[in-house]
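Enquirer: The structure's right below; bear with me while I get my questions together.
The values are calculated or read from the model by the stated rules, or taken from the named source; none is laboratory data. All figures in this text were calculated on a predicted structure; none of them were measured in a lab. Here the Cβ positions follow ideal geometry from the backbone for every residue, glycine too, while neighbour counts run over all protein chains shown. Accessible surface is based on the protein model in full, side chains and every heavy atom, while ligands, DNA and RNA are left aside. Shrake-Rupley method; radii C 1.70, N 1.55, O 1.52, S 1.80 Å.
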Amino acid sequence: MCITHKEVADRIIQCLTEKQAQLRSSIVLAGSVNYHLRIKLLKGPNYQGLITVRFFALKHTDEVFLDFTGKTILGMSINNNQVENIDWDGNFLKLKGVKQGRNEILVHYENKYDNDGNGLHSFIDEDKKQYIYTNLAVIYCRRVFPCFDQPDLKGSFQLTAISPKDWIVLSNEIPSEKLDVSTHFNQKETIYSLEFIKQIIEDNSSYDLREFPESKPLASYLFGIMAGPYAEVKCKQTYKNIPMSLFTRESIMPHLLRISDFLFEVTNKSMEVYERIFGYDFPFNKYDQIYVPEFNWGAMENAGIVTFNDLYVYREEVDSVKLTKLANTTSHELSHHWFGNLVTMKWWNDVWLNESFADFISHYCLSQFQTTTRPMSDIWVAFNARKAWGYRTDEQVTTHPIAGSVPDTNTAENVFDGITYAKGAATLRQLFSLVSVENFSKAMKEYFHKFEWRSATLSDLINTVDEQFQQSGSSFSLSSWQKTWICKAGLNKCIPLFDPSSRDVNSKLVIKQTYTLEMHPTLRNHKMKIAFFDENAKIVHQQDILLQDQPETVITYDGSKGNYKALLLNYQDETFIKIAFDSHSIQFFKENLNKVDCELSRTLIWQAFYNMVRDGDLSSEEYIELFINHINLEKSDGLISNQLQFLETAFLSFTPGKYSKILGNKIFDFLWSMIEGSDDSQVNKKLALIGYLPSFAKSEEKVRKLLEWYNRKALTKETMGIKTQWQIVQAVYRIKDISKEEKEELFQTQSQKDKSDQVPLYEQYCKSLLASPEEKEKLWQSYLDPNNPLSTRLLEYSLMGFKSHSTTELTQKYQLLWLQNLSYVFKTCKRELFKAYVLYLQPSQETLDEEFNNSLLKIKSEITEDVLHKVLLECQDNNSRKQKAISTFLANTKLTV
Ligand SMILES: [Zn+2]
């Protein structure tokens, strides 16, 4: 058979629309799709594939297409007829002459490994070993092979992988033992009829072949391949003997081994909890977790072959808050094997069914057991920290309903945000508290059995849960809950009108409810608990209340039970609402915060104060003061760690630049003295403090102090992890008054100490930070280049360095250029590159000049893409919030500089 050839040189990347997907689903029979992928994984930049796609069409048509954005199609046949004129625009591969009934498409293609963390990513470690992995969500399966890249057209996958002898290959199923390439091909010659095997046959001693059995029906985004000299650690005792291993690069395996027992413990215990809650056994044959480099997300739930960002393979001891986050991600990904992998959303508008659910249920799951290998921090405090992301997103003008409309896959990539994860999860927690866990569990069992291996929609879930509620005699209305919580955007805020002097048994309390955005004026019912505190900050009275979906709710409470001094709304954090204090409580908590007994209550109070900074109602200076006054007496290490993160943001984002040195010095000295004053038993506390210390070193004096520590002349008792060492190098680079020579010498010293894949990252950071105006210009041009050879991760470090040290003149120049090139980068660059361009270069100055604002308005009126509108609106939104906070600071400051 001769080889036809089609290559796409300049391609406009197009997304898949919901309409296209619906059309395809109306022709291709759900459940009929089968893929057999034969893939030749070569060392170096290229790989080859030969794929057979089988499906049943409901009619004779020319309308069906496969998604494919690979490099070159070498040959193709439809139902054994070779296609001479391949109709492919680099996005959609049209199938002419699909017949009613069974069809078989064969495509032979050549491809380049990716370097942006999506598709089939290749990474070369510092030891020169090459590692390959897939990340196919949301629409990157089409980069790796031609497919129906939409979640409702599930297919079963068969894989035959040819790879270098020193590589292992993993996929969704357990493979056969390695097979001899030539014998195998002789037996199956007819299948491998194209050029595919030629070169391998000639050199078969260097390659292995593995056959993977047919997988369960999976959405295309859940297929996975990992290949390379990955190192493995097997779990010796697994839940129900389900095969379970961890994998990562050889160079970082020693670090993974330090926490492997903890990870296995969390995985096995979570599996047991999920089987119990869902009433459905773990649906896959094995469970591998692979920690991969240059990963874009935290983790991805490929069925039975979950990938994690290898930044989670901590190279130094970390505090319990970080370990708890990792435990939560571990449990989250596992839960997707029911919610997402077994039952999949029909289209991306229901991605919240996957993510909100996984985000809530993983926290609930972790609250059901204790770990013995490593301690975890309080799980509901961790849940609250995550909610902050939801609150922030829901207050932006670009917020959206939990279940919204997703017209195409470009939009789909944007909805993986604080609404889909954190708000959705908090909403489900509210649902859990409104109905019992037992009822919910029964509904889940029904849901999974009814929709197993298929796709479902929001109404499928709601109907199943509603039926269960009706049977249990519950009066709760799921449809009104769905209407206000799932289908309407926007955040509510509540504030009490509290009179502490009222001692009446029938005291009245008015609670006002508002919305934070005029454009989303929905008020909601909120079930919550409220707590009253006495003069010793002890809770002397608490009660359940239902906040009505009205501007005011009047509550009756018993005021005679003590000397009430303060009131906290939503004190067990059961609902998703922004809380504010009355004037008495605000003063009381400012003075007595550290005396409050319950950790979750203290967390909520801290969060309310931090929100005041973001809203411009409290200056960051006063917030820093509060931190310094109270955190020394704080008993919970987890709370200290979380609050350090908020302190860092308040300091870096909401403090005028000219005060950053004086306030930075103050915080630095305070944290330094806390580290010195902590005894050896307070490991978690010290690790948290050390982790944040370099962020506040804004003066040469403080950076020199860090250097003394680096050179073991100060804080000599404290060991310094590799990450902290690099943070110190970065802090040194940020100080203008330290000479270039001294900086470069330090960089050399540190590179000698580390020698890992982290060195090139920090090299990018330091290089672009020190760049001259001419070098900056060159760097800028490289950021606009769609063919920039840097991986996304390397590019991110370059962008961070670029932005962190610019003269005002340069900053202004690039602010404008950023705006002017936004649309160009969106249209020409890979999505991860565009995201990095937005995230790291977006102007966030204390004042943006008129020219910038005028350009922004002009560009906004010219562009048509929703994704770009969103970026510009958020840019405006963030800047106006920042400017309000800065004005509050300037109006109230006691500092002089
Ligand atoms: Zn998830």
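Enquirer: Counting pairwise Cα distances across the stretch 490-597, what percent come out greater than 22 angstrom? Working shown, then result.
Expert: Working: 1637 of 5778 pairs.
When every Cα pair of the stretch 490-597 is considered, 28 percent fall beyond 22 Å.
Enquirer: Nearest 20 debye, what's the magnitude of the dipole of the stretch 490-597 about its Cα centre given +1 on Lys and Arg Cβ and -1 on Asp and Glu Cβ? Walk me through the numbers on the way to the answer.
Expert: Working: 13 positive and 14 negative charges, 16 e Å.
Dipole magnitude for the stretch 490-597 comes out near 80 debye.
Enquirer: Which percentage, to the nearest 5, of the DSSP beta bridges contained in the stretch 230-489 is antiparallel?
Expert: 30
Enquirer: Take the stretch 68-143, compute every pairwise Cα distance, and split them into 10 Å bins from 0; I just need the percent in each bin.
Expert: 17, 38, 28, 13, 4, 0
Enquirer: Continuing with this model, one more query. Given points 7 Å out from each Cα along the Cα-Cβ axis, report the T556 to L311 separation in nanometres with one decimal.
Expert: Computed distance between label sites T556 and L311 equals 5.4 nm.
Enquirer: Give the percent of DSSP beta bridges with both residues in the stretch 48-180 that are antiparallel, rounded to the nearest 5. Write down the numbers at each step before the final one.
Expert: On the way: 30 of 31 bridges.
That works out to approximately 95 percent antiparallel.
Enquirer: Which angle from 0 to 90°, rounded to the nearest 10, does the C-alpha axis of helix 458-471 make with the longest principal axis of the chain?
Expert: Approximately 60 degrees, to the nearest 10.
Enquirer: Per residue of the stretch 557-571, what does 6.51 cos²θ - 1.76 cosθ + 1.60 with θ = phi - 60° give for ³J(HN,Hα)? Whole Hz please, x for Gly and Pro, Karplus curve as stated.
Expert: 9, 7, x, 8, 7, x, 8, 5, 10, 8, 9, 10, 8, 6, 6
Enquirer: How much length is gained on full extension from N79 to E700, taking 0.36 nm per residue of separation minus their Cα-Cα distance? Before the final figure, lay out the partial values.
Expert: Values: separation 621, 0.36 × 621 = 223.56 nm, distance 7.16 nm.
Contour length minus the Cα-Cα distance gives 216.4 nm.
Enquirer: Assuming 0.36 nm per residue, please report the length gained on full extension of the stretch L58 to S751 beyond their Cα-Cα distance.
Expert: Numbers: separation 693, 0.36 × 693 = 249.48 nm, distance 6.14 nm.
Taking 0.36 nm per residue and subtracting the Cα distance, the gain is 243.3 nm.
Enquirer: Then there is this: Can you give the Rg to Rh ratio of the stretch 774-897, both from alpha-carbon atoms, with Rh computed by the Kirkwood formula? Mind showing how you got there, number by number?
Expert: Numbers: Rg = 15.7 Å, Rh = 15.7 Å.
Value, to two decimals: 1.00.
Enquirer: Quick one: Cα centre-to-centre distance for the stretch 92-153 and the stretch 574-603, in angstrom?
Expert: 51
Enquirer: Let me ask something else about it. So if I take the alpha carbon set of the stretch 230-489, get Rg, then get Rh from the Kirkwood formula, what is the Rg over Rh ratio?
Expert: On the way: Rg = 18.2 Å, Rh = 19.0 Å.
Ratio value, two decimals: 0.96.
Enquirer: Take each of the peptides 571-577, 75-81, average the number of other beta-carbon atoms within 10 Å over its residues, and list them starting from the highest. Please list the in-between numbers first.
Expert: Values: 571-577: 21.3, 75-81: 16.4.
Packing order, densest peptide first, comes out as 571-577, 75-81.
Enquirer: If each residue of separation counts as 0.36 nm, what is the full-extension length gain between W389 and K661 once their alpha-carbon separation is subtracted? Intermediate results must be reported in sequence, preceding the final value.
Expert: Numbers: separation 272, 0.36 × 272 = 97.92 nm, distance 2.80 nm.
My answer for the length gained is 95.1 nm.
Enquirer: Let me know the Kirkwood hydrodynamic radius for the stretch 451-544, please, with Cα pairs as the basis and the value in Å to one decimal. Let's see the in-between values first.
Expert: Numbers: mean 1/r = 0.0582 Å⁻¹.
Taking the inverse mean of 1/r over all distinct Cα pairs, the stretch 451-544 comes out at 17.2 Å.
Enquirer: Give me the angle, in degrees from 0 to 90, between the Cα long axis of helix 740-754 and the longest principal axis of the Cα atoms of the chain, rounded to the nearest 10.
Expert: The helix 740-754 is inclined about 60 degrees to the chain.
Enquirer: Let me ask something else. Could you order the peptides 447-460, 423-436 from most to least packed, using the average number of other C-beta atoms within 10 Å per residue?
Expert: On the way: 447-460: 17.1, 423-436: 21.4.
Per-residue mean Cβ counts within 10 Å order the peptides as 423-436, 447-460.
Enquirer: In whole Hz, with x marking every Gly and Pro, tabulate ³J(HN,Hα) for the stretch 51-58 from phi via Karplus 6.51 cos²θ - 1.76 cosθ + 1.60, θ = phi - 60°.
Expert: Along the stretch 51-58, the couplings run 10, 10, 10, 10, 7, 10, 9, 7 Hz.
Enquirer: Hey, another quick one. Which order do I662, I667 take when ranked by solvent-accessible area (1.4 Å probe, heavy atoms of all protein chains), largest first?
Expert: Values: I662 65, I667 0 Å².
Result of the area sort, largest leading: I662, I667.
Enquirer: Could I ask something else about it? Give me the dipole magnitude in Debye, nearest 20, for the chain about the Cα centre, with unit charges on the beta carbon: positive for Lys and Arg, negative for Asp and Glu.
Expert: On the way: 102 positive and 114 negative charges, 76 e Å.
About 360 debye.
Enquirer: Any lysines with Cα under 18 Å of the K561 Cα? List them, leaving off those in the same chain fewer than 8 positions away.
Expert: Those lysines meeting the cut-off are K508, K529, K538.
Enquirer: Take the Cα atoms of the chain, build their convex hull, and give its volume per residue in Å³.
Expert: On the way: hull volume 153.4 nm³, N = 897.
Measuring per residue, one finds 171 Å³ for the Cα hull of the chain.
Enquirer: Which chymotrypsin sites (Phe, Trp or Tyr not before Pro) does the stretch 351-399 hold that lie in a coil by DSSP with at most 15 other beta carbons within 10 Å? Walk me through the intermediate numbers first.
Expert: Numbers: sites: W352, F357, F360, Y364, F369, W380, F383, W389, Y391; in loops: F369.
Hits after loop and neighbour filter: F369.
Enquirer: Give me the distance in nm between label points sitting 7 Å out from Cα along the Cα-to-Cβ direction at S502 and V437, one decimal.
Expert: 3.5
Enquirer: Ranking request for peptides 876-882, 114-120: highest mean number of other beta-carbon atoms within 10 Å first, then the rest in descending order.
Expert: Values: 876-882: 16.6, 114-120: 23.0.
Ranking the peptides 876-882, 114-120 by packing returns 114-120, 876-882.
Enquirer: Describe numerically, in nm with one decimal, the distance between label points set 7 Å from Cα along Cα→Cβ at D549 and at K860.
Expert: Output for this residue pair reads 3.1 nm.
Enquirer: May I pose another question? What do you get for the angle between helix 722-734 and the principal long axis of the chain? Use alpha-carbon atoms, 0 to 90 degrees, nearest ten.
Expert: 70
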